[in-house]
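Only one structure is covered here, and it is reproduced in the block below.
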Amino acid sequence: MTASPYWIAHKGQPLQGSLTIPGDKSVSHRSVMFAALADGVSRIDGFLEGEDTRATAAIFSQMGVRIDTPSPSQRIVHGVGVDGLKAPSAPLDCGNAGTGMRLLAGLLAAQPFDSVMVGDESLSRRPMRRVTGPLAEMGAKIDTEADGTPPLRVHGGQALHGITFASPVASAQVKSAVLLAGLYADGETSVTEPHPTRDYSERMLRAFGVEIDFSPGKARLRGGQRLRPTDIVVPADFSSAAFFLVAASVIPGSELRLRAVGLNPRRTGLLAALRLMGADITEENHAEQGGEAVADLVVRYAPLHGAEIPEALVPDMIDEFPALFVAAAAAQGNTVVRGAAELRVKESDRLAAMATGLRTLGVQVDETDDGATIHGGAVLGSGTIESHGDHRIAMAFAIAGQLSSGEVRVNDIANVATSFPDFDGLATGAGFALRAG
Ligand code: S3P
């Protein structure tokens, strides 16, 4: 048996330089899915060459879609039309990707063939009834394990009908699954959300020529529409940039420029939270890339102070809490997080993983059902951290290592490759002391 890879992190240099962050994971997944369904060839630039998004592309290849890779960040997708997918001859492996599995559930439910979706250990523990429930209301037949987890066994050949769905959970994955099924359903499908979530599916479906009405927290489309091929430019992933925003904010003497980062307002809650805590982050060179706002983010070290994170920001920074917890540990005073119970059902239970890991390094953290209070300002000590196979927990503790008086070992880092394969290369290039073992 080979030992799973780990990092040793310790104090490095002040962070300096200008970084290009890889493509957005959410946008990359959707770009391949929608391009596969279009009537002709679409080109994708800035595609995230990560394990999650490669898994999604491989699934469409299994269903007969030709996808060329002229360079690692490009894909040419030969779309087969909404009715052109072929029955796969083996289970479809979504890897670690909740986005892949949940969105595909909506799409596969509407196909004339049966399919089975499986995932890795972490994905196999994640709740799927949030998508199979509304899809069943539309007429879909999908079996889960008894506790609502994967594998998903999709029985094809069902006639779907549109629904009006008030989602109880603020989840772009749930909304997108229902909209994708809605493309194949009789009549109209509409989704409302308790808090607005990222609207990439809506924006991209429109770019592919689908008539769709949407505004924050609401989306509505008619079934039976076709997709017109189009070219997609994927912006740099704000959630990957987030680790460098926090690292440069807390490592004295740092100044980093992160080039052309995607600034969709449903993703940038961390910017507001860090600014509340006293961070020095400016936006330069505002532009539009593939219909999304982008800007260079220039971040300089600033002494942070604790803050109460407004609950309204939670959905807009749902993937950024591991990084935020490290900023909170470095800040003077207490940071309070509430209304974030969704963190317990991400790639790991992120509230527990962050609280336990920070405590190992000597930080006092009081965990609640839906959040935590982080008592910041102490010098971090040494210790061994379990990432629980969660890419974002691993990267968060790589930053914590830069603040440690000793060494931080981060176990089980292989899944960093799901979202940010060259994280350690970019990080060490900027000044991190981080080596893999
Ligand atoms: C995503 C939506 C969010 C987010 C995930 C990506 C998407 O999940 O946490 O990383 O691409 O739609 P939920 O829909 O579960 O909130």
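The values are calculated or read from the model by the stated rules, or taken from the named source; none is laboratory data. Because the structure is a prediction, the values reported are computed rather than measured. No Cβ is skipped: glycine too gets one built from the backbone with ideal geometry, and neighbour counts run over all protein chains shown. When the accessible area is computed, the model is the full protein with side chains, heavy atoms only, and any ligands, DNA or RNA have been set aside. Shrake-Rupley method; radii C 1.70, N 1.55, O 1.52, S 1.80 Å.
Yes/no matrix, rows are residues, columns are (1) buried (at least 24 other Cβ atoms within 10 Å of the Cβ); (2) at pLDDT 95 or above; (3) within 30 Å of Ile76 (Cα to Cα):
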{"site": "Met1", "(1), (2), (3)": "no, no, no"}
{"site": "Gly12", "(1), (2), (3)": "no, yes, no"}
{"site": "Ser18", "(1), (2), (3)": "no, yes, yes"}
{"site": "Val27", "(1), (2), (3)": "yes, yes, yes"}
{"site": "Val32", "(1), (2), (3)": "yes, yes, yes"}
{"site": "Ala35", "(1), (2), (3)": "yes, yes, yes"}
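Listed conditions (1) within 28 Å of Asp186 (Cβ to Cβ); (2) within 14 Å of the ligand (Cβ to nearest atom); (3) of a type in the set (A, V, I, L, M) are all met by Leu123, apart from (1).
With segment 190-262 as the region, which strands (runs of 3 or more DSSP E) entirely inside it contain at least 3 residues that are in contact (Cβ under 8 Å) with a residue 60 or more places away in the chain?
Correct list: 255-262.
Quick one: what pairs do we get from segment 8-33, first residue on the phi > 0 side of the Ramachandran plot, second more than 16 Å from the ligand (Cβ to nearest atom), C-beta under 6 Å, 6+ apart or different chains? That search, which allows pairs on different chains as well, returns Gly17/Ala430.
Applying the set (1) closer than 22 Å to Ala398 by Cβ; (2) open to solvent by less than 50 Å² (accessible area, probe 1.4 Å) to Tyr301 leaves exactly one unmet item: (2). Annotation: of all residues in segment 130-143 being open to solvent by less than 60 Å² (accessible area, probe 1.4 Å) and away from the ligand (no atom under 16 Å from the Cβ), the one that is farthest from Ser26 (Cα to Cα) is Gly139.
Scanning for something in contact with a strand residue (DSSP E or B) (Cβ under 7 Å, 6 or more places away or on another chain), within 16 Å of the ligand (Cβ to nearest atom) and within 21 Å of Asn264 (Cα to Cα), does segment 47-64 turn up at least one residue?
Yes, segment 47-64 contains a residue that is in contact with a strand residue (DSSP E or B) (Cβ under 7 Å, 6 or more places away or on another chain), within 16 Å of the ligand (Cβ to nearest atom) and within 21 Å of Asn264 (Cα to Cα).
For segment 151-178, the set of residues classified as in a loop (DSSP other than H, G, I, E, B) and away from the ligand (no atom under 14 Å from the Cβ) consists of Pro151, Gly156, Gly157, Gln158, Ala159, Leu160, Gly162, Ile163, listed by residue number. The set of residues in segment 180-201 that are touching an Asp or Glu at 6+ places or on another chain (Cβ under 9 Å) and within 11 Å of the ligand (Cβ to nearest atom) comprises His195, Thr197, Arg198, Tyr200. Considering each residue of segment 230-247 in turn, none proves to be within 16 Å of the ligand (Cβ to nearest atom), at positive phi and over 16 Å from the mean Cα position of the chain (by Cα). Screening segment 92-103 for residues that are more than 14 Å from Ser419 (Cβ to Cβ) and within 12 Å of the ligand (Cβ to nearest atom) and picking the one that is surrounded by the most Cβ atoms within 10 Å (Cβ to Cβ) gives Met101.
In segment 179-190, is there at least one residue being of a type in the set (S, T, N, Q) and touching a helix residue (DSSP H, G or I) at 6+ places or on another chain (Cβ under 7 Å)? Yes. Picking from residues in segment 299-324 that are among the hydrophobic types (A, V, I, L, M, F, W, C) and assigned to a loop (DSSP other than H, G, I, E, B), the one that is nearest to Thr282 (Cα to Cα) is Ala302. Taken as a whole, segment 70-83 holds at least one residue that is under 29 Å from Thr230 (Cα atoms), of a type in the set (Ser, Thr, Tyr) and surrounded by 15 or more Cβ atoms within 10 Å (Cβ to Cβ).
The single condition among (1) touching a strand residue (DSSP E or B) at 6+ places or on another chain (Cβ under 9 Å); (2) more than 20 Å from Tyr200 (Cβ to Cβ); (3) open to solvent by less than 10 Å² (accessible area, probe 1.4 Å) that Gly148 does not satisfy is (1). Only residues that are in a loop (DSSP other than H, G, I, E, B) and surrounded by fewer than 20 Cβ atoms within 10 Å (Cβ to Cβ): list them for segment 179-188, please. Hit for segment 179-188 is Gly187, nothing else.
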